[in-house]
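J.: The structure is given below, and queries will be raised subsequently.
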Amino acid sequence: MAAIGVHIGGTCSCVAVYKDGRADVVANDAGDRVTPAVVAYRANEKIVGLAAKQGRIRNASNTIVKVKQILGRCFDDPQVQRHVAKSKCSQVIDKDGKPRYEIDIGEELKIVPPEEVMKLIFEKMKETAQSALGSDVNDVVITVPLDFGKNQKNVLRQAAQAVGFNVLRLIHEPAAALLAFGVGQESPTGKSNALVYKLGGSSLSVTIVEVNSGMYRVLATHTDDSIGGECFTEALAQYLASEFQRSFRHDVKSNVRAMMKLVNSAEVAKHTLSTLGSSNCFVDSLHEGLDFDCSVSRARFESVCSALFSQSVQPIQKLVEEAGLSGSEISKVVLCGGSARIPKLQQMIRDLFPDVDLFNSIPSDEVIAVGAAIEAALLLGKENNTLDEDAVIVECSARDIVAKESNESGADSYKVVFPSGTPLPARKHHAFQAPGNVSSVCLELYESGEKGCEPERIKLAQIVLKDLQLKEGSNHDILSVLTMKRDGSLHVTCTEQGTGISEAVTIDN
C-alpha cells in the first residue's frame with residue numbers, strides 16, 4: 001500500500017504520495033496540485049474545490065469556507081465568534097452549544113455540522129490520491145497546527161476515518177515542514193535551531209524548533225489569526241476597486257458581488273506576481289455592464305501591501321528573543337504556507353537572517369503535505385531508515401529541577417525550571433531580579449521529590465555572583481542558562497546583565 005500525507009489548511013488542502021523513494025504532491029481532477037478547502041451545497045450535489053470557490057459569487061450563502069477554524073470547538077469559543085463575525089459566506093448558528101452551518105438549498109433549511117464538511121474535503125483528498133496511484137489508498141498521516149486541542153484532533157481523526165482512511169498519526173505542521181526538507185535527518189547527531197515560518201491563507205505561525213539527534217522540540221511558537229494570504233488579496237482588491245472608481249466614477253466597494261469578482265481577480269494576480277513582474281486583471285461586467293481591465297506591477301503590489309509585509313515579519317525577531325536565542329543561533333529557516341512564496345516576503349526574511357540557509361525549494365503550499373507523506377513512509381517502513389526499538393528510547397530528566405527565589409518581602413518561592421520527564425539534552429533560561437542595593441546575589445537549585453509526595457527538596461548547587469555594582473532605585477537583572485546533558489549532568493551559568501559578571505558550575509548526575 002502507498003503512503004500518503006494530507007494537509008488541510010484554513011483555505012487550501014493538499015495530498016502527497018510517497019512513491020519510488022520520494023514524496024510528491026499529486027494533482028486533482030482539475031490539474032491543480034492544491035485544492036481549495038471550500039465546499040458548496042447545491043440542490044442535488046455537493047461541490048468541493050475550485051468550482052465551489054469560484055461559485056461563491058452566485059452561491060455565497062451556501063458556500064462553506066475555513067471550516068478548520070471552527071472544527072471541534074464550542075459556539076462560544078472566541079475563534080468561532082471571530083469566524084461568525086467575519087464570514088461573508090454561509091451562516092453559522094448555535095445548535096446545542098455547537099457551531100452549525102445553515103444551508104438553504106431551496107426546499108428546506110439544512111443544518112450541517114463542520115465534521116460533515118471536513119469529511120467531504122477528506123473524500124476529495126482520497127479521490128485525488130487514488131486517481132494518481134490507480135489503486136485504493138488507506139494509510140495516511142494528517143497534519144495539525146500546534147494549537148489544536150485534543151477534541152479538535154479527535155474530530156479531525158474521526159472525519160478522516162469516516163471516509164475509510166487509516167490514520168497512522170497526526171503530526172504538527174512545523175515538524176512536517178522540517179521533515180519535508182530532511183532537517184536533522186541526514187546527520188542526526190548534530191544539534192541546531194530551526195525557524196519554521198508558515199504564512200497560510202488565513203493565519204501566520206512562526207515556530208522555533210530545536211533539532212537534536214533527529215528529534216524536534218518546540219522552543220517557542222507564535223500564531224496570529226489576523227494576518228494571512230487573504231489579507232494581501234483583500235488589499236489588492238481594494239486597490240482595484242479604487243482604480244475602477246477612478247476610471248468610471250463608480251464606487252463598488254459596498255457591492256458584495258462586485259467585490260467578490262475583484263477578490264477572485266486579485267488572487268489570480270497575486271499568484272502571478274510571485275513569478276512575473278506584472279499581471280493583468282480583467283473582470284467581465286464588473287458593474288452596470290462595464291468591463292474592467294487593469295495591469296498591476298509587482299512594485300505596485302508591494303507598495304499596496306507594505307504594511308502587511310511588515311506585520312508578517314514583525315513576530316520573528318520577538319520570538320527569537322523569547323526563545324532566549326540570537327539570530328546567529330538560528331541555522332535554518334523553512335518557509336511553508338502559500339503566501340510564503342511572495343518574493344518581497346522572502347527577501348525581508350533573508351534580510352533578518354543573512355547567513356542562514358533558507359529552505360524554499362519545494363513550493364511553499366506543498367511543503368507540509370510532503371512532510372506528512374515522508375512521515376507516513378517512515379511509519380510503514382518504506383524508508384530505508386526503518387524505526388527500531390532503540391530509536392524511540394528517549395532519555396528524560398527523572399525529577400523536577402527547581403530554582404529558589406525570594407520576593408520583595410523576603411518570602412521564598414520555588415520555580416520549576418526542568419519539569420520531570422523533560423527530553424534530554426535540554427537547555428532552559430531562567431531570568432530573575434535582585435535588589436540593586438546588594439553587592440552579591442545567590443541562585444540556589446534544588447531537586448524536588450516525585451509528584452504526589454510531600455515536596456522533598458534536595459539542594460544541588462548554590463551559585464553566588466560577587467562584587468556587583470550597587471544600583472540605587474533599580475534592580476540587578478540576572479540571567480541563568482541551565483543545560484542538562486543526556487547523562488543527567490547539569491551545567492549552570494549565571495550572568496549579571498548590566499556588567500557581564502558571570503559564574504558557572506557543573507553538577508554531576
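The values are calculated or read from the model by the stated rules, or taken from the named source; none is laboratory data. Since this is a predicted model, take the numbers as computed values, not measurements. Glycine also receives a Cβ, built like all others from the backbone with ideal geometry; neighbour counts cover every protein chain displayed. When the accessible area is computed, the model is the full protein with side chains, heavy atoms only, and any ligands, DNA or RNA have been set aside. Shrake-Rupley method; radii C 1.70, N 1.55, O 1.52, S 1.80 Å.
J.: Of the conditions (1) in contact with a Leu (Cβ under 6 Å, 6 or more places away or on another chain); (2) open to solvent by less than 60 Å² (accessible area, probe 1.4 Å); (3) more than 17 Å from Val92 (Cβ to Cβ), Val15 fails just one. Which one is it?
T.: Going through (1) in contact with a Leu (Cβ under 6 Å, 6 or more places away or on another chain); (2) open to solvent by less than 60 Å² (accessible area, probe 1.4 Å); (3) more than 17 Å from Val92 (Cβ to Cβ) one by one, Val15 breaks only (1).
J.: Just to confirm my filter: which strands (runs of 3 or more DSSP E) fall fully inside the range 1-79 and include at least 2 residues that are at pLDDT 90 or above and over 20 Å from Cys336 (Cβ atoms)?
T.: By residue number, 39-41, 46-48.
J.: Same structure, new question: Check the range 9-28 and report whether any residue there is among the basic types (Lys, Arg) and under 21 Å from Lys198 (Cβ atoms).
T.: Among the residues of the range 9-28, not one is among the basic types (Lys, Arg) and under 21 Å from Lys198 (Cβ atoms), which makes the answer no.
J.: Would a scan of the range 336-344 turn up a residue that is aliphatic (A, V, I, L, M), buried (at least 16 other Cβ atoms within 10 Å of the Cβ) and over 28 Å from Val183 (Cβ atoms)?
T.: Checked against the condition, which is being aliphatic (A, V, I, L, M), buried (at least 16 other Cβ atoms within 10 Å of the Cβ) and over 28 Å from Val183 (Cβ atoms), the range 336-344 yields no hits at all.
J.: Taking Leu345, is it modelled with pLDDT of 80 or more and under 20 Å from the mean Cα position of the chain (by Cα)?
T.: When the stated conditions are applied, Leu345 passes them.
J.: Would you point out the residue of the range 217-230, among those that are within 20 Å of Lys270 (Cβ to Cβ) and open to solvent by less than 40 Å² (accessible area, probe 1.4 Å), that is nearest to the chain's Cα centre (by Cα)?
T.: If we take residues in the range 217-230 being within 20 Å of Lys270 (Cβ to Cβ) and open to solvent by less than 40 Å² (accessible area, probe 1.4 Å), then Asp224 is nearest to the chain's Cα centre (by Cα).
J.: Within the range 312-328, track down each residue that is surrounded by fewer than 17 Cβ atoms within 10 Å (Cβ to Cβ) and small (Gly, Ala, Ser).
T.: Those that are surrounded by fewer than 17 Cβ atoms within 10 Å (Cβ to Cβ) and small (Gly, Ala, Ser): Ser326, Gly327, Ser328.
J.: Separate question: Considering Phe309, Phe301, which residue is open to solvent by less than 20 Å² (accessible area, probe 1.4 Å), of a type in the set (Phe, Trp, Tyr) and in contact (Cβ under 8 Å) with a residue 40 or more places away in the chain?
T.: Checking each option against the conditions leaves just Phe301.
J.: May I pose another question? Can you name every residue in the range 1-49 that is more than 18 Å from Ser135 (Cα to Cα) and of a type in the set (Phe, Trp, Tyr)?
T.: Tyr41
J.: Just one of (1) in contact (Cβ under 8 Å) with a residue 12 or more places away in the chain; (2) of a type outside the set (A, V, I, L, M); (3) open to solvent by 60 Å² or more (accessible area, probe 1.4 Å); (4) closer than 24 Å to Ala176 by Cα trips up Arg350, so point out which.
T.: Of the numbered conditions (1) in contact (Cβ under 8 Å) with a residue 12 or more places away in the chain; (2) of a type outside the set (A, V, I, L, M); (3) open to solvent by 60 Å² or more (accessible area, probe 1.4 Å); (4) closer than 24 Å to Ala176 by Cα, the odd one out for Arg350 is (1).
J.: So which residues in the range 156-183 are open to solvent by less than 20 Å² (accessible area, probe 1.4 Å) and either out of contact with any Asp or Glu (no Cβ under 9 Å at 6 or more places or on another chain) or more than 18 Å from Val17 (Cα to Cα) (or both), if there are any at all?
T.: Leu156, Ala159, Ala160, Glu173, Pro174, Ala177, Leu178, Gly182, Val183
J.: Might you check whether a residue that is closer than 30 Å to Phe165 by Cα and assigned to a loop (DSSP other than H, G, I, E, B) occurs anywhere in the range 332-354?
T.: Within the range 332-354, one or more residues are closer than 30 Å to Phe165 by Cα and assigned to a loop (DSSP other than H, G, I, E, B).
J.: Within the range 210-221, is even one residue among the basic types (Lys, Arg), within 29 Å of Val67 (Cβ to Cβ), touching a strand residue (DSSP E or B) at 6+ places or on another chain (Cβ under 7 Å) and in a strand (DSSP E or B)?
T.: No, because not a single residue in the range 210-221 is among the basic types (Lys, Arg), within 29 Å of Val67 (Cβ to Cβ), touching a strand residue (DSSP E or B) at 6+ places or on another chain (Cβ under 7 Å) and in a strand (DSSP E or B).
J.: List every residue pair whose Cβ atoms sit under 9 Å apart, with the two residues 6 or more apart in sequence or on different chains, where the first one lies in the range 242-270 and is outside any helix (DSSP H, G or I) and the second, anywhere, is hydrophobic (A, V, I, L, M, F, W, C) and open to solvent by 30 Å² or more (accessible area, probe 1.4 Å).
T.: His250/Leu290
J.: Out of the range 71-121, which residues are among the hydrophobic types (A, V, I, L, M, F, W, C), surrounded by 17 or more Cβ atoms within 10 Å (Cβ to Cβ) and without any contact (Cβ under 8 Å) to a residue 40 or more places away in the chain?
T.: Phe75, Val80, Cys89, Val92 - these are the residues of the range 71-121 that are among the hydrophobic types (A, V, I, L, M, F, W, C), surrounded by 17 or more Cβ atoms within 10 Å (Cβ to Cβ) and without any contact (Cβ under 8 Å) to a residue 40 or more places away in the chain.
J.: Collect the residues in the range 480-498 that are within 19 Å of Gly324 (Cα to Cα) and either touching a residue at least 60 places away in the same chain (Cβ under 8 Å) or among the β-branched types (Val, Ile, Thr) (or both), keeping them in residue-number order.
T.: Ser480, Val481, Leu482, Thr483, Met484, Lys485, Leu490, Val492, Thr493, Thr495
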